[in-house]
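Asks: Pasting a structure here, questions to come.
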Amino acid sequence: MENDDKFYELVELYRNPEHYGKLRKYNYSEAGYSPSCGDKFSVYLDVENGIVKDASFDGKGCVISTVSLSKLCSYLIGKPLKEVKEMELKDIKNLLGIEDISISRVKCATVGLDTVKKIYKEIDSS
């Protein structure tokens, strides 16, 4: 029953993702793509003094990629962007509340994280 509840929670978040849509005010954006499913997203961040003030995304993708982006945006708001540097698949699994992601879906789960890491590298190198 608990797995059914988690499944319905994730599907509902896919249907109505939080943080979906382009921010009115942002200073960083990056496009992300996962060829395994054809997931294609853009991430928008408003970062001040290294802190993520707001985050959003838009685009189209599968349930896993959409939900992981939604959860990642929620997680990042109010935190130092540098936290993303150390994040990996296990952290995305924790945000999603699921332990197993098939190998064919790993890229779907991490497309948002990879995209935010590109933004971090851009900021860190400037």
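Asks: Inspect all residues belonging to the stretch 56-74 and state whether any of them is crowded, with 16+ Cβ neighbours inside 10 Å, out of contact with any strand residue (DSSP E or B) (no Cβ under 7 Å at 6 or more places or on another chain) and among the charged types (D, E, K, R).
Replies: yes
Asks: Also: Can you report the number of residues in the stretch 18-47 which are more than 16 Å from the chain's Cα centre (by Cα) and at pLDDT below 95?
Replies: Summing the residues that are more than 16 Å from the chain's Cα centre (by Cα) and at pLDDT below 95 in the stretch 18-47 gives 2.
Asks: Another one. Can you tell me which residues in the stretch 57-81 are over 16 Å from residue 33 (Cα atoms) and either in a strand (DSSP E or B) or small (Gly, Ala, Ser) (or both)?
Replies: Selection gives 74, 78, 80.
Asks: Hey, another quick one. Restricting to the stretch 101-116, what's the tally of residues that are polar (S, T, N, Q), within 14 Å of residue 67 (Cβ to Cβ) and not in a helix (DSSP H, G or I)?
Replies: Total meeting the criteria: 0.
Asks: While we're looking at this one, here's another question. Which of the residues belonging to the stretch 82-92 are in a helix (DSSP H, G or I) and crowded, with 16+ Cβ neighbours inside 10 Å?
Replies: Across the stretch 82-92, the qualifying residues are 84, 91, 92.
Asks: Specify which of the listed residues (119, 98) is crowded, with 16+ Cβ neighbours inside 10 Å and not in a helix (DSSP H, G or I).
Replies: Answer to the check: 98.
Asks: Related question: Please specify each residue of the stretch 14-54 satisfying the condition of being surrounded by 18 or more Cβ atoms within 10 Å (Cβ to Cβ), of a type in the set (A, V, I, L, M, F, W, C) and without any contact (Cβ under 8 Å) to a residue 60 or more places away in the chain.
Replies: Hits for the stretch 14-54 are 23, 52.
Asks: Within the stretch 1-28, can you find the residues that are in a strand (DSSP E or B) and either within 13 Å of residue 112 (Cβ to Cβ) or acidic (Asp, Glu) (or both)?
Replies: 20, the sole residue that qualifies.
The values are calculated or read from the model by the stated rules, or taken from the named source; none is laboratory data. The structure presented is a predicted model; accordingly, all values stated were derived computationally and were not measured. Glycine gets a Cβ as well: all are built from the backbone with ideal geometry, and neighbour counts include every protein chain shown.
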